[in-house]
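Novice: First the structure, then my questions, so here it is.
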Amino acid sequence: MMVDGGFSFQAKCRNRVMFSLGTFQNVSVPVNGTVHAVVSRIPADVSFLTLQFHTHHRNVTLSYTPIPLYGSSVTAADAGLLSTLTLSQTTVSWFLKTPDGSSAAGVGVILPYTSADPVPGACNQEFPLEIDPNIYLQYNLFETTITFAPANIGYGRGESPPACDVDTDSSTRWRLVYELYQYFLPEGDLSEQSLISSLERAANVQNMQDNGRKVVSLSSHDRTQFSFSSLPGQGVIFSVIVRDPVLNTSASYIPVHTYACSFNSTLDGCSDLGRVSSKVFFTVMGLAGLFVCFVGHRFFKCELFCMGFCFMAFIFFVLITTTTTLEYDIRLALTALMGVVGGVAMVMSWWRFGSVMACVLVVGLILGFLISSIAFFTPLGDIPIFHNDVVFWVVFACIMVFVPLFFIRWPREGNIITCGVVGGYAVVLAVNAYTYTSLSYITLDVLKRLLNHNFSRAFISVPLQDIDFIMITVWVVLGVSGIVMQLYREKSRPFFPPSPYVMWKQERERRKTNVLDPSHHKPSLSARILGRIRQLTQRTEPAGETTPLLF
């Protein structure tokens, strides 16, 4: 699609903005107005141009014509157009406006490419534009999906584009290679200034290679749709670079950004990510975790309650989310209630049956779950084989079950290690309720995979920034200090406290068999209660005359 500067609209347009190749330009779109973007003095070796325009969250319409038409315009917060050039063309024009007539401000840049460079989106068969260099992004609570059109090999000015799907040999577009990149914005920073400066570091090929993180490389035979784990509140820029390995050239699609939340929503928007209910829930959980981290083994019943709470709450939240459509706050309240039931049940099972090993094995499963989640939080989780649900859950379960085996040989040490590691992570989750940290996705990604069957195809990489390294340090310090303190304090004590019910039964049996014990001759508690009731309810008969008779 090619447009020159000969429109009569150009003379009438007062909102004209002159661009220089490769230079970012701030642009403001007025209310009910149209901006005329123009670039001139295009070098003769340039075969095509891409114009990309980015706003913080408002949609803009970028078109080849003054009045946007279907097939010649695109509307998005990250919009782009590609214009091929004729032999003598030195000027190109585009037009910007907002779809609802409101004002908008953003930044744009025009990038030049030669005839040797691949043409992004030139083999498009899915989207309205004839040549579509845009990346289309959709997100939900679980995953963010990007889609783009295949590219074609480069061609010179005035030449016909090579056929897209006639042959598949090395002289066609099937030789092209695509690379997907991510660039993470500073954690918790939703400002427009941060986005604009980040886009300038990710707009072209070289900048994205230097500053971004390559996620995957694929051939022209692979699908052009990929999913990533959604990170609400975390800004991410996605970009696709297409390479021609024969000519050693490359070109960039239009980068697209997302915060996985809405700036226009009054409910659950980007400015209101932290729910009050979540803050209360995780604050209490963090305080309990701090208690368990340092004195959990000493107060064994409290530790069992906390571990039983976590075990039951996690299972119940998964069940109630997959089977009902209740609001989040209601689900969280019911989860907390069932967590209390689970905690009480675990304490009562130990109190009644006295099976320490059974309870400690449940504690070991919780530690195994966390260790397995940590393992898949690393780049190991993005290995293609683990995108298969069967492989993932088998390996995950094996790691999770292997950890409690350690507890069979060293139950006290294993229980104390669990108190330190799990208690420290609970503190991390409490901090995450108030300030964003990527460490919450250690367990959240596993929860997403349980709740969403399509999440297995998503890439789960998350950024580790300053706050994350601080929280890792806090977690390690809490865990190590809690483990060392409890091992030192408990070294001269019994491994585990005895069950109160078992102790009571043993004491009762001792009383029955030991006749020298004074308590052996005492009536039972029930007999004493019944005797006391008789004393209170029966009337005492008068004793009568007690003086001896005189004869």
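The values are calculated or read from the model by the stated rules, or taken from the named source; none is laboratory data. Computed from a predicted model, the values in this text were never measured in an experiment. Ideal geometry is used to build each Cβ from the backbone, glycine not excepted, and the neighbour counts take in all protein chains shown. The area values use the complete protein model at the heavy-atom level, side chains included, leaving out ligands, DNA and RNA. Shrake-Rupley method; radii C 1.70, N 1.55, O 1.52, S 1.80 Å.
Novice: Of the residues that sit in the stretch 223-270 and are among the charged types (D, E, K, R) and modelled with pLDDT of 90 or more, which one is farthest from the chain's Cα centre (by Cα)?
Specialist: We begin by selecting, within the stretch 223-270, every residue among the charged types (D, E, K, R); these are 223, 243-244, 268.
Next, only the ones that are modelled with pLDDT of 90 or more stay: 243-244.
Working: Arg243: 30, Asp244: 34 Å.
Per the stated criteria, the residue is Asp244.
Novice: Restricting to the stretch 151-163, name every residue that is in contact with a helix residue (DSSP H, G or I) (Cβ under 8 Å, 6 or more places away or on another chain) and open to solvent by 30 Å² or more (accessible area, probe 1.4 Å). Talk me through it step by step, then tell me what you get.
Specialist: From the stretch 151-163, those in contact with a helix residue (DSSP H, G or I) (Cβ under 8 Å, 6 or more places away or on another chain) are 151-153, 162; that's our starting set.
If the condition is that a residue be in contact with a helix residue (DSSP H, G or I) (Cβ under 8 Å, 6 or more places away or on another chain) and open to solvent by 30 Å² or more (accessible area, probe 1.4 Å), then Pro162 is the only one that fits.
Novice: If you don't mind, another one. Checking Asn124 against (1) over 30 Å from Tyr436 (Cβ atoms); (2) open to solvent by 40 Å² or more (accessible area, probe 1.4 Å); (3) part of a loop (DSSP other than H, G, I, E, B): exactly one of these is not met. Which one?
Specialist: (2)
Novice: While we're on this one: Any idea how many residues of the stretch 280-301 are open to solvent by 50 Å² or more (accessible area, probe 1.4 Å), modelled with pLDDT under 90 and part of a helix (DSSP H, G or I)?
Specialist: Of the residues in that region, 1 qualify.
Novice: Here's another thing I want to ask about it. Condition check: at negative phi, free of Cβ contacts under 8 Å to residues at least 24 places away in the same chain, assigned to a loop (DSSP other than H, G, I, E, B) and open to solvent by 30 Å² or more (accessible area, probe 1.4 Å). Does Ser88 satisfy that?
Specialist: Numbers: at negative phi: yes; free of Cβ contacts under 8 Å to residues at least 24 places away in the same chain: yes; assigned to a loop (DSSP other than H, G, I, E, B): yes; open to solvent by 30 Å² or more (accessible area, probe 1.4 Å): yes.
Yes: the conditions hold for Ser88.
Novice: Which of the following residues is surrounded by 23 or more Cβ atoms within 10 Å (Cβ to Cβ) and under 26 Å from Phe455 (Cβ atoms): Asn140, Asn134? Reasoning before the result, please.
Specialist: Numbers: Asn140 fails: surrounded by 23 or more Cβ atoms within 10 Å (Cβ to Cβ).
Exactly one residue qualifies, and that residue is Asn134.
Novice: Against the conditions (1) modelled with pLDDT of 80 or more; (2) closer than 18 Å to Pro186 by Cα; (3) in contact with a Ser or Thr (Cβ under 7 Å, 6 or more places away or on another chain), where does Leu429 fall short? Just the number, please.
Specialist: Only one criterion in (1) modelled with pLDDT of 80 or more; (2) closer than 18 Å to Pro186 by Cα; (3) in contact with a Ser or Thr (Cβ under 7 Å, 6 or more places away or on another chain) is unmet by Leu429, namely (2).
Novice: Please specify each residue of the stretch 377-424 satisfying the condition of being over 22 Å from Met307 (Cβ atoms), surrounded by 13 or more Cβ atoms within 10 Å (Cβ to Cβ) and modelled with pLDDT of 90 or more. Lay out the reasoning, then the answer.
Specialist: Initially, the stretch 377-424 is screened for residues over 22 Å from Met307 (Cβ atoms), giving 378-395.
If we keep only those that are surrounded by 13 or more Cβ atoms within 10 Å (Cβ to Cβ) too, we end up with 381-382, 386-387, 389, 391-393, 395.
Scanning the stretch 377-424 gives Val391, Phe392, Trp393, Val395.
Novice: Right, here's the next one. Can you tell me which of Leu199, Leu190, Leu185 is in contact with a Phe, Trp or Tyr (Cβ under 7 Å, 6 or more places away or on another chain) and either free of Cβ contacts under 8 Å to residues at least 24 places away in the same chain or surrounded by 15 or more Cβ atoms within 10 Å (Cβ to Cβ) (or both)?
Specialist: Values: Leu199 fails: in contact with a Phe, Trp or Tyr (Cβ under 7 Å, 6 or more places away or on another chain); Leu185 fails: in contact with a Phe, Trp or Tyr (Cβ under 7 Å, 6 or more places away or on another chain).
Testing whether each residue is in contact with a Phe, Trp or Tyr (Cβ under 7 Å, 6 or more places away or on another chain) and either free of Cβ contacts under 8 Å to residues at least 24 places away in the same chain or surrounded by 15 or more Cβ atoms within 10 Å (Cβ to Cβ) (or both) leaves just Leu190.
Novice: If I ask for residues that are in contact (Cβ under 8 Å) with a residue 40 or more places away in the chain and assigned to a loop (DSSP other than H, G, I, E, B), which ones from the stretch 317-367 would you list?
Specialist: Gly354 - this is the single residue of the stretch 317-367 that is in contact (Cβ under 8 Å) with a residue 40 or more places away in the chain and assigned to a loop (DSSP other than H, G, I, E, B).
Novice: Taking the stretch 54-85 as the search range and keeping residues that are within 25 Å of Gly154 (Cβ to Cβ) and among the hydrophobic types (A, V, I, L, M, F, W, C), which one is surrounded by the most Cβ atoms within 10 Å (Cβ to Cβ)?
Specialist: The selected residue is Leu81.
Novice: Given the structure, is Tyr178 over 20 Å from the mean Cα position of the chain (by Cα), over 25 Å from Val60 (Cα atoms) and crowded, with 18+ Cβ neighbours inside 10 Å?
Specialist: Working: over 20 Å from the mean Cα position of the chain (by Cα): yes; over 25 Å from Val60 (Cα atoms): yes; crowded, with 18+ Cβ neighbours inside 10 Å: yes.
Answer is yes for this residue.
Novice: Now a separate question. How many of the residues making up the stretch 191-230 are assigned to a strand (DSSP E or B) and of a type in the set (A, V, I, L, M)? Explain how you work it out, then say what you get.
Specialist: If we filter the stretch 191-230 for residues that are assigned to a strand (DSSP E or B), which is where we start, we get 213-219, 225-229.
Now drop any that are not of a type in the set (A, V, I, L, M), which leaves 215-216, 218.
Selection size over the stretch 191-230: 3.
Novice: On to the next question. Considering only residues that are within 26 Å of Val46 (Cβ to Cβ), among the β-branched types (Val, Ile, Thr) and without any contact (Cβ under 8 Å) to a residue 12 or more places away in the chain, which ones fall in the stretch 132-182?
Specialist: none
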